[in-house]
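The values are calculated or read from the model by the stated rules, or taken from the named source; none is laboratory data. Only a predicted model underlies this, so the values are computations on that prediction, with no experimental measurement involved. Don't worry about glycine lacking a Cβ; one is built from the backbone with ideal geometry, like all the others, and counts go over all protein chains shown.
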Amino acid sequence: GTNQVVALTSGQIASLSTAQVAALSANSIGAIETADLSGLSTGDIAALRTSQLAGLTTDQVGALSTNQFGALSSAQVGALSTNQIVALTTGQASVLTAAQAAGLSTNGVAALETNDFAALSTNAIAALSANQVKALTTNQIVALTTNEAAALGTAQVAALSTNDIAALETADLSAIKVAAIAILSTAQVSALTTGQVASLATASIAALSTAAIGALSTNQIVALSSNQINSLGTAQVAALSSNAIGAIQTADLAGLSTNDIAALRSNQLAGLTTDQVGALSTNQIVALTTAAVSGLTTNQIVALTTGQASVLSTAQVAALTTNAIAALSTNDFAALSTNA
């Protein structure tokens, strides 16, 4: 009976064969004193049935050595209750293998304490399925280490909820593979905080889909640095809304290449503030298409500098509306090229 099991010494427990251990009932397993558990060999542990494991108390689970815990099969780990998972020590969590991690139930994954979750190896993190990732709590996401974040695959990142995305620490977000950043959905990108957006590497910005770029809010656009703006591809710039274009800080406009400028549609240019128009370089002005120039408002024309007016081509001047011509200051008009 259980009283007899309680009376066994660690030496006697150690003398039990694997077959004898396998014959113990769940109640008998639960009656082994924590100090005596060390007598069970890794072979004994590996031979335990899931029904026997269910008999382990939380104190017993926490008392298992890392070698004993490492001997558990993925099926055995998957059978652990949430209370047993909560009882795991950080040391035990740190030796969880990829196979064991993959064997955890979604409830088991969610039950991992934040310190234990942060202790998981990168192999264990990489082994988590999309469903397991979906089960993660916000606190667990916050607890991710940069190494763990770097181990996440594309399917795992795609499984993160918008709340999870927003909870990622900037260092962890920056550590995520570029390939995984590239598959972020519009909802996930919209969930990014301005601090997170500012932390993204230029390679990550360049990898975002045009749909994701188009989903950026004006506050997120404001958070972009000149280098990040410079990393945008022409197709990405073309995907920006007029409001987003208008939100680019004047100091960051220099990051737009002449190809980017040439790709702007007239409705996008309409979003430029007068300060932004005045901040465009002469090379950027030259790159404007005639269709884009024809869409400039009178206020935007007024904002042109004499230097900008002086580089307008004949075709660009010809594309200006009569109202736009009339809006040119006398200095700007005088600066027009004789060819124009």
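Condition first: acidic (Asp, Glu) and either surrounded by fewer than 18 Cβ atoms within 10 Å (Cβ to Cβ) or not in a helix (DSSP H, G or I) (or both). Can you find one or more residues in the range 103-117 that meet it?
Within the range 103-117, one or more residues are acidic (Asp, Glu) and either surrounded by fewer than 18 Cβ atoms within 10 Å (Cβ to Cβ) or not in a helix (DSSP H, G or I) (or both).
Please indicate, with yes or no, whether at least one residue in the range 322-334 is over 30 Å from Ala203 (Cα atoms), outside any helix (DSSP H, G or I) and β-branched (Val, Ile, Thr).
No.
For the range 297-319, how many residues meet the condition of being surrounded by fewer than 20 Cβ atoms within 10 Å (Cβ to Cβ) and not in a helix (DSSP H, G or I)?
Total satisfying the criteria: 4.
Tell me, yes or no, whether the range 11-25 has at least one residue that is surrounded by 20 or more Cβ atoms within 10 Å (Cβ to Cβ) and either under 26 Å from Ala118 (Cα atoms) or acidic (Asp, Glu) (or both).
no
Looking at the range 79-137, which of the residues that are within 15 Å of Ala149 (Cβ to Cβ) and among the β-branched types (Val, Ile, Thr) is nearest to the chain's Cα centre (by Cα)?
Only one residue fits best here, namely Val133.
Give me the pairs: first residue in the range 122-151 and among the charged types (D, E, K, R), second residue assigned to a helix (DSSP H, G or I), beta-carbon distance under 8 Å, and six or more apart or on different chains, which are they?
Lys134/Thr106; Glu148/Ala118; Glu148/Thr122; Glu148/Ile125; Glu148/Asp172
Given the criteria outside the structural domain of Gln228 (by TED's automatic domain parsing), on the phi < 0 side of the Ramachandran plot and out of contact with any helix residue (DSSP H, G or I) (no Cβ under 6 Å at 6 or more places or on another chain), does Ala135 qualify?
no
Provide a single number: the residues in the range 118-131 that are in a helix (DSSP H, G or I) and surrounded by fewer than 20 Cβ atoms within 10 Å (Cβ to Cβ).
So the answer is 6.
State which residue pairs qualify: first residue under 14 Å from Ala110 (Cβ atoms) and inside the range 81-96, second residue polar (S, T, N, Q) and modelled with pLDDT of 95 or more in any location, beta carbons under 6 Å apart, and separation of 6 or more residues or different chains.
Listed by first residue and then by second, the contacts come to Thr82/Asn107; Asn83/Thr58.
Out of (1) surrounded by 17 or more Cβ atoms within 10 Å (Cβ to Cβ); (2) at pLDDT below 95, the odd one out for Ser294 is which?
Evaluating Ser294 over (1) surrounded by 17 or more Cβ atoms within 10 Å (Cβ to Cβ); (2) at pLDDT below 95 leaves (1) as the failure.
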